[in-house]
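Here the structure is laid out as structure tokens; the discussion comes afterwards.
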Amino acid sequence: MTLTPSVPREGWKGYAGALVACRHPLLLIVVFVSTWSARADTDWELLRAGGRGLFSSAPLSVYANTPYLQAGPPGLVVMRGLDLLPRSAALAAAHILLAFLGWYMLFLVERWTVPASTWRSAPVGAGLVTLTFGIVVLDKWALLAGTSPHIEDGLAIFTFLLAVRALMTRRDICAALLIGLAAAWKPWAVVALPLLWGCSRKFKLLMIAVAVPAACWLPFLLGDHSTLSAVGHGFPLMSESPLRVLGFSGEVIPDWWRSLQLGAALAGAALVARRDWRAAFAAGCAMRLLLDPAGLGYYDAGLVMVTALTERLIGGRPWRTAVLCLTVAYLPWIPARAVDVVRFVGLAVLYLSWAQPWRRGSGASLVAQPVSLPPL
């Protein structure tokens, strides 16, 4: 009788390895299911009207004629392209595009930051972190991809990620163009400008980055002088806005507040860039929402994604992402009279965690060092 030697079981490592090998298909399923279950058409008609107005007989008056429209001209071009489809098909295409974009950003940042990471293989620990936090982050991303399909917001965040990659590989001109394109997608993305602190030719690249959104927006500002006032006019002050904690009251905010809000967010991002340029965009986004008159779900979704991407890029522990996701998840169960306080405290702590005014920066990460990264 011949005895066959027993093969020891791999135990939990075998199951963990199997999960890591199929992490990306699982995340893709999660984001599509979450997006499809949360799908709605909030702001869709406003975006469609903007896309049609851009190709109307008076294209330079599109912002003046469409109050509250914040999408940049490139975003309106994309909307007009989608509007060539039937309404239901265009809306479904927007949901699918944003869902895929959220998953693709997490896929890219893992490839760039985890050694030997491919579609199927990765170190077990890093792969499980991608899977665990990917599920949580993409579930929150559905607030943007499903509930309010603002394609321009998703593309602005994606462009930020590409700009960071260009900076890390020392393609400074490309990075400046991408940072400018992010601001062209959506005005709030001007907080990406301090990312150029990671370059050696800061002033020249800053001029290039500013020229891109200026070329997109100036024709509308010069073609119809009421554009600027229409873009920043009369935004409602919602009950969950952190501005309530600062003493704001009434139904709308002053017309000048939008300019002050973007200026403060840009200054906050620049302050953080002096410590670590990679965290500047995430800090600027937190400061922007801290001073925003609204507390919309798709704002939170964008902040969660930006925070998760940044923590992975800098190699930090994802505790900010975890706390932010928990806060967003429990906001619907918080008493309405306390939501503004919770949002204010949470966003203030998030920004301070990036700025860390109580610590001295080492200066080691101020200038981007060239690294070899996998292709897109």
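Among the residues of segment 191-214, how many are over 30 Å from Ser57 (Cα atoms) and open to solvent by 40 Å² or more (accessible area, probe 1.4 Å)?
So the answer is 9.
Would you confirm, using the coordinates I've provided, whether Val328 is open to solvent by 30 Å² or more (accessible area, probe 1.4 Å) and either modelled with pLDDT of 90 or more or under 28 Å from Ser259 (Cα atoms) (or both)?
For Val328, the condition - open to solvent by 30 Å² or more (accessible area, probe 1.4 Å) and either modelled with pLDDT of 90 or more or under 28 Å from Ser259 (Cα atoms) (or both) - is not met.
Which of the residues that make up segment 169-185 are out of contact with any Gly (no Cβ under 8 Å at 6 or more places or on another chain) and either surrounded by fewer than 24 Cβ atoms within 10 Å (Cβ to Cβ) or small (Gly, Ala, Ser) (or both)?
The answer is Thr169, Arg170, Arg171, Asp172, Ile173, Cys174, Ala175, Ala176, Leu177, Gly180, Leu181, Ala182.
Within segment 54-82, can you find the residues that are open to solvent by 20 Å² or more (accessible area, probe 1.4 Å) and assigned to a helix (DSSP H, G or I)?
Within segment 54-82, Leu54, Pro59, Leu60, Ser61, Ala64, Asn65, Pro74, Val77, Val78, Arg80, Gly81, Leu82 meet the criteria.
Residues are listed down the side, and each one gets a yes or a no for (1) within 20 Å of Leu76 (Cα to Cα); (2) open to solvent by less than 50 Å² (accessible area, probe 1.4 Å):
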site: Cys216; (1), (2): yes, yes
site: Phe220; (1), (2): yes, yes
site: Ser229; (1), (2): yes, no
site: Phe235; (1), (2): no, yes
site: Ser241; (1), (2): no, yes
site: Leu246; (1), (2): no, no
site: Ser249; (1), (2): no, no
site: Trp257; (1), (2): no, yes
site: Ala264; (1), (2): no, yes
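So which residues in segment 106-142 are free of Cβ contacts under 8 Å to residues at least 12 places away in the same chain and either within 23 Å of Ala286 (Cβ to Cβ) or in a helix (DSSP H, G or I) (or both), if there are any at all?
Result: Gly125, Thr132.
I'd like the residue in segment 126-152 that is open to solvent by 10 Å² or more (accessible area, probe 1.4 Å) and of a type in the set (D, E, K, R) and, out of all such residues, is farthest from Leu46 (Cα to Cα).
Residue satisfying both the conditions and the ranking: Asp139.
So is Val245 within 18 Å of the chain's Cα centre (by Cα) and β-branched (Val, Ile, Thr) or not?
No; evaluated as a whole, the condition is false for this residue.
Of all residues in segment 143-191 being in contact (Cβ under 8 Å) with a residue 40 or more places away in the chain and basic (Lys, Arg), which is farthest from Ala294 (Cα to Cα)?
Among them, the one singled out is Arg170.
Looking at segment 292-337, which of its residues are of a type in the set (Gly, Ala, Ser) and either in a helix (DSSP H, G or I) or touching a Leu at 6+ places or on another chain (Cβ under 7 Å) (or both)? Even if it seems obvious, please write down each step before you answer.
Going through segment 292-337, the residues of a type in the set (Gly, Ala, Ser) turn out to be 294-295, 297, 301-302, 308, 315-316, 322, 329, 336.
Listed by number, the residues that qualify are Gly297, Ala301, Gly302, Ala308, Ala322, Ala329, Ala336.
The values are calculated or read from the model by the stated rules, or taken from the named source; none is laboratory data. The structure presented is a predicted model; accordingly, all values stated were derived computationally and were not measured. Every residue, glycine among them, receives a Cβ derived from its backbone with ideal geometry; neighbour counts consider all protein chains shown. To get the accessible areas, we keep the full protein, side chains included, count just its heavy atoms, and leave off ligands, DNA and RNA. Shrake-Rupley method; radii C 1.70, N 1.55, O 1.52, S 1.80 Å.
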